[in-house]
1. Residue under question is VAL120, and the condition is that it be under 20 Å from SER70 (Cβ atoms), in contact with a Leu (Cβ under 8 Å, 6 or more places away or on another chain) and part of a helix (DSSP H, G or I); does it hold?
2. With PHE137, PHE156, PHE125, PHE146 as the choices, which residue is touching a His at 6+ places or on another chain (Cβ under 7 Å) and at pLDDT 95 or above?
3. What is the one condition in (1) closer than 19 Å to GLY65 by Cβ; (2) assigned to a helix (DSSP H, G or I); (3) in contact with a helix residue (DSSP H, G or I) (Cβ under 8 Å, 6 or more places away or on another chain) that TRP113 does not satisfy?
4. Can you go through THR54, THR101, THR33, THR45 and tell me which one is over 29 Å from ILE167 (Cβ atoms) and either assigned to a helix (DSSP H, G or I) or modelled with pLDDT under 50 (or both)?
5. Would you say ILE107 is under 24 Å from ASN171 (Cα atoms) and surrounded by fewer than 16 Cβ atoms within 10 Å (Cβ to Cβ)?
6. Would you please list the contacts, defined by Cβ atoms under 7 Å and residues six or more apart or on different chains, that run from a residue in the range 62-79 that is among the charged types (D, E, K, R) to a residue that is in a helix (DSSP H, G or I)?
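The values are calculated or read from the model by the stated rules, or taken from the named source; none is laboratory data. Note that the coordinates shown come from a computational prediction; the quantities given were computed from them, not determined experimentally. Quick reminder, even Gly has a Cβ in these numbers, built from the backbone with ideal geometry, and neighbours come from all protein chains shown.
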Amino acid sequence: MHGEGLAFLHRNTWLKSPNHAKRETIMNTKVETVSFASSTDDAQTTSSFSLKNTAELLGRVLIVGLFLLSGAGKITAYTATAGYMASVGVPGAVLPLVIATEVLGSIAIILGWKTRVVSVLMAGFTLLTAALFHNNFGDQVQMIMFLKNVSIAGAFLLLTVHGAGPISIDNKSR
């Protein structure tokens, strides 16, 4: 409920509520919560670029910016990345899948395409990379990297639940 206000109503008196509507009581010393809808509640926003909508788009870009840059970096340092992956027991043969996940997943999230599905997949990918590459909790930097990945996975799960918002391909296809 928007514009909610409390009106304390006493024995057979009239009080003005926050929006100046009058209410009358029937019982003595009764306290009643009255909801008031403001006139803007019913108004439709004509621009899709409201603060909320723009913040949702910016949030999507900020969540995946790291993955987009990381995926592009893996392309330019392919051999070094494959070697690092092999050093922790992950075959370098999966590197193309990792790059595709990071780059294509990022682009899908930014555009707001299949956001809920891609977000849950990116959350799983992020948790998997945390467990595989940042599992040395004796090293404070690795523990922080692990927790960073867990936090990012949480953001992806929020995106999974709430969707991309109005500035998205998902919204246009409805």
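1. Details: under 20 Å from SER70 (Cβ atoms): yes; in contact with a Leu (Cβ under 8 Å, 6 or more places away or on another chain): yes; part of a helix (DSSP H, G or I): yes.
Spelling it out, VAL120 is indeed under 20 Å from SER70 (Cβ atoms), in contact with a Leu (Cβ under 8 Å, 6 or more places away or on another chain) and part of a helix (DSSP H, G or I).
2. Values: PHE137 fails: touching a His at 6+ places or on another chain (Cβ under 7 Å); PHE156 fails: touching a His at 6+ places or on another chain (Cβ under 7 Å); PHE125 fails: touching a His at 6+ places or on another chain (Cβ under 7 Å).
None of the other options fit; the residue is PHE146.
3. Answer for TRP113: the failing condition is (2).
4. Details: THR54 fails: over 29 Å from ILE167 (Cβ atoms); THR101 fails: over 29 Å from ILE167 (Cβ atoms); THR45 fails: over 29 Å from ILE167 (Cβ atoms).
Only one candidate qualifies: THR33.
5. Values: under 24 Å from ASN171 (Cα atoms): yes; surrounded by fewer than 16 Cβ atoms within 10 Å (Cβ to Cβ): yes.
Judged against the criteria, ILE107 is a match.
6. Listed by first residue and then by second, the contacts come to LYS74/THR81; LYS74/LEU95; LYS74/VAL98; LYS74/ILE99.
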